[in-house]
1. For segment B:137-165, enumerate the residues that are at the interface with another protein chain (Cβ under 10 Å from one of its Cβ atoms), over 18 Å from B:GLY83 (Cα atoms) and not in a helix (DSSP H, G or I).
2. Would you check if there is a residue in segment B:181-199 being within 12 Å of chain A (Cβ to nearest Cβ), touching a Ser or Thr at 6+ places or on another chain (Cβ under 8 Å) and farther than 18 Å from B:THR311 by Cα?
3. Could you check segment D:201-221 and list, in sequence order, the residues that are touching a strand residue (DSSP E or B) at 6+ places or on another chain (Cβ under 7 Å) and within 14 Å of chain C (Cβ to nearest Cβ)?
4. Restricting to segment B:273-291, what's the tally of residues that are surrounded by fewer than 18 Cβ atoms within 10 Å (Cβ to Cβ) and assigned to a helix (DSSP H, G or I)?
5. I'd like to check something: does segment D:62-75 contain any residue that is facing chain C (nearest Cβ under 9 Å), within 27 Å of D:GLN282 (Cα to Cα), open to solvent by less than 30 Å² (accessible area, probe 1.4 Å) and not in a helix (DSSP H, G or I)?
6. Just a yes or no: is a residue in segment A:299-318 farther than 21 Å from A:ILE201 by Cα, facing chain B (nearest Cβ under 9 Å) and loosely packed, with under 14 Cβ neighbours inside 10 Å?
7. With respect to the numbered conditions (1) modelled with pLDDT under 95; (2) closer than 30 Å to B:VAL260 by Cβ; (3) not polar (S, T, N, Q), which one is the sole condition not fulfilled by B:ILE200?
8. Can you tell me which residue in segment A:263-319 is farthest from A:MET157 (Cα to Cα), limited to those that are touching a residue at least 60 places away in the same chain (Cβ under 8 Å) and among the charged types (D, E, K, R)?
4 protein chains.
Amino acid sequence: MLGFGITGLDYVPMANAFFSDLLATISERGRSLLRRGDPADGKEDASDLAELCEALLSGRGEASGTAMAREVLDRYHDLDDDGRRTFFEALARDFGPDKAKLAEAIKAWQELPGDGHGSELHFASEPRRQELIRRLNRAPGGTADLVAMRSDLLTHMDGRKDLAALDRDVVHLLGSWFNRGFLVLRRIDWSTPANILEQIIRYEAVHEIRDWDDLRRRIDPVDRRCYAFFHPALADAPLIFVEVALTETIPGAIAPLLAVDRKPVPTERARTAVFYSISNTQRGLGGISFGNFLIKQVVEELRRELPKLDTFVTLSPHG
Amino acid sequence: MLGFGITGLDYVPMANAFFSDLLATISERGRSLLRRGDPADGKEDASDLAELCEALLSGRGEASGTAMAREVLDRYHDLDDDGRRTFFEALARDFGPDKAKLAEAIKAWQELPGDGHGSELHFASEPRRQELIRRLNRAPGGTADLVAMRSDLLTHMDGRKDLAALDRDVVHLLGSWFNRGFLVLRRIDWSTPANILEQIIRYEAVHEIRDWDDLRRRIDPVDRRCYAFFHPALADAPLIFVEVALTETIPGAIAPLLAVDRKPVPTERARTAVFYSISNTQRGLGGISFGNFLIKQVVEELRRELPKLDTFVTLSPHG
Amino acid sequence: MLGFGITGLDYVPMANAFFSDLLATISERGRSLLRRGDPADGKEDASDLAELCEALLSGRGEASGTAMAREVLDRYHDLDDDGRRTFFEALARDFGPDKAKLAEAIKAWQELPGDGHGSELHFASEPRRQELIRRLNRAPGGTADLVAMRSDLLTHMDGRKDLAALDRDVVHLLGSWFNRGFLVLRRIDWSTPANILEQIIRYEAVHEIRDWDDLRRRIDPVDRRCYAFFHPALADAPLIFVEVALTETIPGAIAPLLAVDRKPVPTERARTAVFYSISNTQRGLGGISFGNFLIKQVVEELRRELPKLDTFVTLSPHG
Amino acid sequence: MLGFGITGLDYVPMANAFFSDLLATISERGRSLLRRGDPADGKEDASDLAELCEALLSGRGEASGTAMAREVLDRYHDLDDDGRRTFFEALARDFGPDKAKLAEAIKAWQELPGDGHGSELHFASEPRRQELIRRLNRAPGGTADLVAMRSDLLTHMDGRKDLAALDRDVVHLLGSWFNRGFLVLRRIDWSTPANILEQIIRYEAVHEIRDWDDLRRRIDPVDRRCYAFFHPALADAPLIFVEVALTETIPGAIAPLLAVDRKPVPTERARTAVFYSISNTQRGLGGISFGNFLIKQVVEELRRELPKLDTFVTLSPHG
């Protein structure tokens, strides 16, 4: 149990205890980086940034870490396309596992393949960039920035294999952080904040939503439902959302469900829930699947709210 | 981009699409386990539970996973002390890495120690229990249950080494999930819910809080502050909290700060913030450090609220 | 101090204590009204409704009151235009003060014009419809319904004087209930729920808001502010709102402030707040003034948030 | 519809439009009052305060009103017991109706006792202190201060009749503002803020709550419920609360219900709800009855939550 005791002489001025580590852990080079004004070009920027990442990784000072992590993310944000690609290449090339340590761990495991050596081997083989990404996540807003970075990475990966291992690490961590246990289901309706509704319009991938009137027809009538998963660290971003139409019977076609002038089905007559559209919003979370979890929980919600529903249909997913 | 299309024939009844996987992925043995009534003894229970974990791991059906994960956690909860130890032993012994796959990965890496093979090696060496723990976390309330399970594990580890690798995996995942980026700072005061205040009384580790009147003297006067970190998945649990006294000068001793009949320092006269106590509450998160992050952010909060504060002191930590 | 004691024999079954008053206080006629199916025409409906109002007024049973009040408001809602006018006429004609009691009070006051008799006179002269309106307000959603009823009343008053006293009573009570002390200021921005933003578009009275894009230009840029007063009983209705542009200097004209392609003024350069539009939304609250209170509090908010603002201008109100 | 237009010349600097009225409406005497330092004694203070009330009443400037109202309430708060009594006497004596206007209104009514004249008579007979109280309520925190003032008034009224008319006015307005339509039901349990729970301990009037452990036994077990009414303007004050025990059958005595070591009744076995205690907290709201409304809504809540409840008993109220 961590604890402070107190005696007459024990005071430790904060400046030493909590801030000096910032200075101690950034190398001279690092500090000059922090102060640098107009860097020459994107490549140099990216290489400076990689050095700052080294400083962040080497620092044991947790407290200083969040400021440095914020700095890394801000500078990444200011990089142009070339700079970002160069930075990704550095992460892929220079932030792999510690090879000496790994060789040792392999040797020990091969001699005695027990639980302890297995564990050593696993942690020794962890690319250093995984810890780097965890430290970047400590910054305020870090999670959102990492999701955006992953989206850039997908763009740059196109047609090349050398960034695949980096991507695998990013996806591995994001997948763990966006574990279904951390997702929160929320209903989307006409009392939802506009900045969230705006994303529903933008990311609807199946049946385009043309404007705010069209949106309202999808979420406001008594026979319509829309639900989304949110993550606490991205509070304003619906990660995935599903649109549901409540009907009396299984419909023969989708068009009448979306007609402008249709008459809503009174709730007490609804027997069928048609899950007619599901869309992801975060390209940076591509490959991490939320869809089945979302549909399952929405089915549970609807059953609780409307016990008379007895038929749940979805549509064969395309791709 | 995931999406559903719709044609006249495309309906997929939900029962097949989303629920059948539950049945499909639990083996015959698994299903009989789910239905079992009064098991004979703790050891058998624990071994049944390990089998259910295998079923959870083998299932590709994400949707079914949350129910099965909930089942595992509930059964774990019902185990007695012996049963839990047996279960931990099973996790340590039987849920390590896939040795054949690992041997292959080592061979490939040793032949060509490039980025791709390094990545393969790392993921091949991951003990299967890591994925198991991630799947358990999907259950409603799963994170809290895993933290409690870790606390049990610490008890059972006492004086034995064979559970160390298991513990390392658990700590690795909890450390990643309780990353500082996911923690939320909240002030604790007299308008805080009683179920949270109760934990402040219970877990104060340095200067005992005797009762509710004593608590009130720590958090309610204008010259006292208390802050805690919370995690969204454990909304009612302050993970760590710090108590602060605002004073005019650095105090010569702690006793007068806690005296029952002292007079509060008016806020406008406060120049010093004394961080006189910090305590963790979750034994299951032992080894994951929050203290420096907490103090750093509280210093920032206090500076923003009270710009006249110019001295921040803490006390040399004991142990 | 109200309190229950308890002894072995003291139980009072709820059905008697809390529900029987419903039956006791509705007259035979009243009860038949509650059960009536398809009434013949609007006039008869309105007259039935007036009778139900008498029943509501005569009831001492507070508990039954909310249900009966809800019934009155629901039936009013179902009346057509003619029915509503007839109902208002009944309220004006038949729900004035008790004349006998008033004559007595006048006599007593004229004999001895002291404090006690003055008080008697005031309460004796209160039209019975004031108490009726207070009882209607007890119903769930009653306040909103009364505001809507006032809006109808304004329509029917047009060009006739016999409803003026009724209107004066309604305004008197609404004015007391919408006392500035009960109003809550909230900022309107792009994270405000759509059902509230929709009302900003609809009720903007000075410079028309054409669509959602236009709305966003009014509330989302860093140099724009919008604030509204809300009342707890009408949580989704902004009662009045003001639009503010932050500028460097006093603008020469309004058009450039609203231009589609203008560049926002960075917050740190803003010195002037231009209150360029203020609009009411609730016709039923016409005559109750909120504008000066709103502007005064918004000025205070802006001063707190942006201490560099030194010039606050509004525009001469038209009408 | 209120609205601003704008032309090149129409700017009205705020200082004139919204603040000058403060100066304009406070008389010279009023302004000197606002600045006065150490007044001689309580009586003089009270008389100064009455003058400030006149200034507040005469002001048409709504915007200035909230500041002046705050000033009146603050000074009232600083008065000692004698000063408060003197102030109440002034309100009773000097803030009655305008007698000349009232005489006219009586005459008009007696000549032609129609709706218009009746309305005139009612509003002419309104004591000026009613409008004063409404204006005091505009101040931030005004409602809570008026409730506290009423509590003082009850103390001073003891055994004297000359303050009765004043009290009637205060009760009339508070009764209107605390109309059941504005009250909000909230459940009180172990997750309720401590500053609210503290009031439950303090104001329990029937079966004393000894300490926090005792409180917890009343609100935390699965077979206990506690509900309170709140008003939006007194957000931290439960106005009235009721304690409920869920039981299998009607209990023979109260003592076993409150026993320290009793075993809770599982929710699914509960058939009876015993309303064993109800308490008011605000002496200043004495005479305004909330009890029946509270019990009625709690019965509705319990029926919704626990449909198997079929017996609701209360206990014959004492006093």
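The values are calculated or read from the model by the stated rules, or taken from the named source; none is laboratory data. In this text, all values refer to a predicted model and were calculated from it rather than measured experimentally. Note that each Cβ is placed from the backbone with ideal geometry, even for glycine, and that neighbours are counted across all protein chains shown. For the accessible areas, the whole protein counts, side chains as well, though only heavy atoms, and no ligand, DNA or RNA atoms are used. Shrake-Rupley method; radii C 1.70, N 1.55, O 1.52, S 1.80 Å.
1. B:ASN137, B:ARG138, B:ALA139, B:PRO140, B:GLY141, B:LYS161 - these are the residues of segment B:137-165 that are at the interface with another protein chain (Cβ under 10 Å from one of its Cβ atoms), over 18 Å from B:GLY83 (Cα atoms) and not in a helix (DSSP H, G or I).
2. Residues of segment B:181-199 that are within 12 Å of chain A (Cβ to nearest Cβ), as a first pass: B:181-185.
With touching a Ser or Thr at 6+ places or on another chain (Cβ under 8 Å) added as a condition, the list becomes B:181-182.
Keeping just the survivors that are farther than 18 Å from B:THR311 by Cα gives B:181-182.
Yes: one or more hits.
3. Step one: list which residues in segment D:201-221 are touching a strand residue (DSSP E or B) at 6+ places or on another chain (Cβ under 7 Å), which gives D:203-207, D:218-219.
Within segment D:201-221, D:TYR203, D:GLU204, D:ALA205, D:VAL206, D:HIS207 meet the criteria.
4. Here the count works out to 1.
5. Scanning segment D:62-75 turns up no residue that is facing chain C (nearest Cβ under 9 Å), within 27 Å of D:GLN282 (Cα to Cα), open to solvent by less than 30 Å² (accessible area, probe 1.4 Å) and not in a helix (DSSP H, G or I).
6. The answer is yes, given that some residue of segment A:299-318 is farther than 21 Å from A:ILE201 by Cα, facing chain B (nearest Cβ under 9 Å) and loosely packed, with under 14 Cβ neighbours inside 10 Å.
7. Here B:ILE200 meets the rest and fails (1).
8. Within segment A:263-319, the match that is farthest from A:MET157 (Cα to Cα) is A:GLU301.
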